[in-house]
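What follows is a short report on a single structure.
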């Protein structure tokens, strides 16, 4: 039985999208920013938790992680053929947040930012961070106001000059929007 705190400590980091070869390798779409980020939380010979669409959870052991085209190939000790691997397609790979590397002060994981409320310096509510777009130079927060009848979004560049503060405890981001934004 999962208690509420235990569930909050779990985080999906990828989804099984297909199989590769006859030995049971699985193709994974990673939610992590890079293969290095994915590999840093998946320990070889370490436990892997998979959760299917019904919520059923299974434990496996990772034996190999490698890049493959735009995805990742993952080999699990307990999966030895294509048919076994096919049964896992659609399942998410779940990790404990405690396995994530520590970030520098002022740096956040996307999952920490998505869902935060965004306010101007005048305490005017703009909306909630719905998603984040990586642009190369800086991320862009996609902010939507669920109270508005028209489905509009505000795109806010994640720059120090615009994003003045992020308060995870208060579930709040304060921004100083330039004219016209």
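The values are calculated or read from the model by the stated rules, or taken from the named source; none is laboratory data. Bear in mind that the values here come from a model prediction, so they are computed numbers and not experimental data. Here the Cβ positions follow ideal geometry from the backbone for every residue, glycine too, while neighbour counts run over all protein chains shown.
Is it the case, given these coordinates, that residue 53 is at pLDDT below 90, closer than 21 Å to residue 9 by Cα and touching a helix residue (DSSP H, G or I) at 6+ places or on another chain (Cβ under 9 Å)? So residue 53 fails the test.
To keep it simple, each residue is scored yes or no on (1) assigned to a strand (DSSP E or B); (2) over 24 Å from residue 111 (Cα atoms); (3) touching a residue at least 40 places away in the same chain (Cβ under 8 Å).
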position: 29; (1), (2), (3): yes, no, yes
position: 32; (1), (2), (3): no, no, no
position: 36; (1), (2), (3): no, no, no
position: 50; (1), (2), (3): yes, no, yes
position: 53; (1), (2), (3): no, no, no
position: 60; (1), (2), (3): yes, yes, no
position: 74; (1), (2), (3): yes, no, yes
position: 88; (1), (2), (3): no, yes, yes
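The single condition among (1) modelled with pLDDT of 90 or more; (2) assigned to a loop (DSSP other than H, G, I, E, B); (3) more than 19 Å from residue 87 (Cβ to Cβ) that residue 23 does not satisfy is (3).
Where strands (runs of 3 or more DSSP E) fall entirely within segment 98-161, none has at least 2 residues that are at positive phi and touching a residue at least 24 places away in the same chain (Cβ under 8 Å). Tell me whether segment 94-101 contains one or more residues that are under 20 Å from the mean Cα position of the chain (by Cα), surrounded by fewer than 12 Cβ atoms within 10 Å (Cβ to Cβ) and farther than 30 Å from residue 44 by Cα. Among the residues of segment 94-101, not one is under 20 Å from the mean Cα position of the chain (by Cα), surrounded by fewer than 12 Cβ atoms within 10 Å (Cβ to Cβ) and farther than 30 Å from residue 44 by Cα, which makes the answer no.
Inside segment 149-175, residues that are out of contact with any strand residue (DSSP E or B) (no Cβ under 8 Å at 6 or more places or on another chain) and surrounded by fewer than 10 Cβ atoms within 10 Å (Cβ to Cβ) make up a count of 5.
Remark: residue 118 falls outside the filter, which requires a residue to be touching a strand residue (DSSP E or B) at 6+ places or on another chain (Cβ under 7 Å) and under 23 Å from residue 32 (Cβ atoms).
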